[in-house]
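For reference, the structure is listed below as structure tokens.
The values are calculated or read from the model by the stated rules, or taken from the named source; none is laboratory data. In this text, all values refer to a predicted model and were calculated from it rather than measured experimentally. Note that we place each Cβ from the backbone using ideal geometry, even for glycine, and neighbour counts take in every protein chain shown.
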Amino acid sequence: MLPATSPHPAPPPPPQPSPRSTLITLITLATLASPPTPAHAAPSVFDWPQHDSSRPKPPVVRPASPSSQDHPGQAPSDAVVLFDGSSLAPWVALDGSPPRWIIQNGALECARNSGYIRTLQAFGDCQLHVEWAAPTPPSGSSQGRGNSGVFLMGLYEVQVLDSHHNVTYADGQAAAAYGQHPPLVNASLPPGHWQSYDIIFSRPRFDDRGNLTAPARLTVLHNGVLVQNNVELVGPTGWLKRDPYRPHPDKLPLALQDHGNPVRYRNIWIRELGADAQYPEFVFDAAFLSKLTGTYRADDGMTITIAKPDPLLTATISYPGRSMVFPLHAESSTAFRTRGLDGRFTFRTSPDGTPDALVFRVGGDERVVRRNP
Ligand code: MG
């Protein structure tokens, strides 16, 4: 008699992972992943055979056009334009309020008691082009004459000063890494003339415990003349002090100094370099970020809690019995991403700017979670 059923039934299909379990697996793997190769690890010549035609070609870039005293040049096509004579949109005051510097005749001028300004976007390794002019007729002397400054990451100052027939201490004159490295030569033009800085900056590196693994390095050309040749900074620049390094984020805003003198700027552009160019990052003030905080809940019990411990927002993704925390880096005022995990968080806001939902995307999976009222 034949058995009622086959003695070797086909095995049941393997259980399909639910979107939720896929999501948990992706997030968990990301938290276990080994750290990426340091951003400053230079590729080796021997990574490729010589003259390999399959080696990726560098991207094509339209180069910068030169400036004259009468007309600013144009930024290269892949630069982030920070000031083109028309808009202060990339800038805020240090507290995040609108900048109080003024635009006059296409130049950005430090107005009296206006305070430092900083970029909304943050930068790490970069090539920076800045043009500036000291006030004319000149007034004051030493550090009191045409003083301003270009602060890379808001911490490392390339001094701006009228150093044309104006004696001051060497590590405080124009193009000095302030308080650390005098320029190799004094390539200053007279006050009122447009001068240029072309700066190549390598940010400091810190390990996971905040220990310095590589100091910041700085190269500066002043009016086309090399004045800082890959110098090593010993820490943040400062007056009367040489502070040691303290760990800080990989990217921070660029700042321009208000030192009480109406120094003017024009044609400011920046190119992010290396891995730091992979994603744009912005730094918003605490009041703005606080509006995004709250708990967002999905139908299956997953919650995402957005908090602001300082300085970054964090997202805590929670399922029953499991919880993971990720710092969030702003790519725009509504889109944030994580590092080490290809996760993106996009806030959906109502017309008054209040967020009502969060789109969470990881590994091709997208979820919309609603904000708890
Ligand atoms: Mg200064």
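Within the stretch 348-368, which residues are in contact with an Asp or Glu (Cβ under 9 Å, 6 or more places away or on another chain), part of a strand (DSSP E or B) and not charged (D, E, K, R)? Answer for the stretch 348-368, where residues must be in contact with an Asp or Glu (Cβ under 9 Å, 6 or more places away or on another chain), part of a strand (DSSP E or B) and not charged (D, E, K, R): T349, V359, F360, V362.
Within the stretch 328-351, the set of residues being within 15 Å of F284 (Cα to Cα) and within 19 Å of the chain's Cα centre (by Cα) comprises L328, H329, A330, E331, S332, S333, T334, A335, F336, R337.
Every condition in (1) surrounded by fewer than 16 Cβ atoms within 10 Å (Cβ to Cβ); (2) under 30 Å from P138 (Cα atoms); (3) of a type in the set (F, W, Y) is met by F288 except one, and the failing one is (2). Filtering the stretch 256-275 down to residues that are more than 16 Å from the ligand (Cβ to nearest atom) and closer than 18 Å to A175 by Cα, which residue is surrounded by the fewest Cβ atoms within 10 Å (Cβ to Cβ)? Checking each candidate, the answer is W269. Which members of the stretch 339-354 meet the condition of being in contact (Cβ under 8 Å) with a residue 24 or more places away in the chain and within 17 Å of L312 (Cβ to Cβ)? Within the stretch 339-354, G340, L341, G343, F345, F347 qualify. The residues of the stretch 161-181 that are away from the ligand (no atom under 14 Å from the Cβ) and either crowded, with 17+ Cβ neighbours inside 10 Å or among the basic types (K, R) (or both), listed by number, are H164, H181. The set of residues from the stretch 100-140 being assigned to a loop (DSSP other than H, G, I, E, B) and surrounded by 21 or more Cβ atoms within 10 Å (Cβ to Cβ) comprises W101, C110, G124, D125, A134. Filtered by the rule that a residue be over 18 Å from the mean Cα position of the chain (by Cα) and within 24 Å of P76 (Cβ to Cβ), the stretch 262-292 gives R264, Y265, R266, N267.
With the condition kept exactly as written, say whether any residue in the stretch 117-130 is among the small types (G, A, S) and within 16 Å of the ligand (Cβ to nearest atom). Scanning the stretch 117-130 turns up no residue that is among the small types (G, A, S) and within 16 Å of the ligand (Cβ to nearest atom). Only one of the numbered conditions (1) surrounded by 15 or more Cβ atoms within 10 Å (Cβ to Cβ); (2) farther than 15 Å from T316 by Cα; (3) touching a helix residue (DSSP H, G or I) at 6+ places or on another chain (Cβ under 8 Å) is violated by V362, and that is (2).
Residue-wise test of (1) away from the ligand (no atom under 16 Å from the Cβ); (2) in contact with a Leu (Cβ under 7 Å, 6 or more places away or on another chain).
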| site | (1), (2) |
| --- | --- |
| P191 | no, no |
| I199 | no, yes |
| S202 | yes, no |
| L226 | yes, yes |
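Condition test on D84, is it exposed (fewer than 15 other Cβ atoms within 10 Å of the Cβ), under 23 Å from L256 (Cα atoms) and touching a residue at least 24 places away in the same chain (Cβ under 8 Å)? So D84 fails the test. A count restricted to the stretch 323-338 and to residues that are of a type in the set (G, A, S), surrounded by 15 or more Cβ atoms within 10 Å (Cβ to Cβ) and in contact (Cβ under 8 Å) with a residue 24 or more places away in the chain stands at 2.
Scan the stretch 216-224 and tell me whether some residue there is assigned by TED's automatic domain parsing to the domain that holds L152, surrounded by fewer than 16 Cβ atoms within 10 Å (Cβ to Cβ), modelled with pLDDT of 95 or more and within 27 Å of P90 (Cα to Cα). Looking for residues that are assigned by TED's automatic domain parsing to the domain that holds L152, surrounded by fewer than 16 Cβ atoms within 10 Å (Cβ to Cβ), modelled with pLDDT of 95 or more and within 27 Å of P90 (Cα to Cα), one finds at least one in the stretch 216-224, hence yes. Is it true that G149 is assigned to a loop (DSSP other than H, G, I, E, B) and either within 16 Å of the ligand (Cβ to nearest atom) or in the same structural domain as G260 (by TED's automatic domain parsing) (or both)? In short, no.
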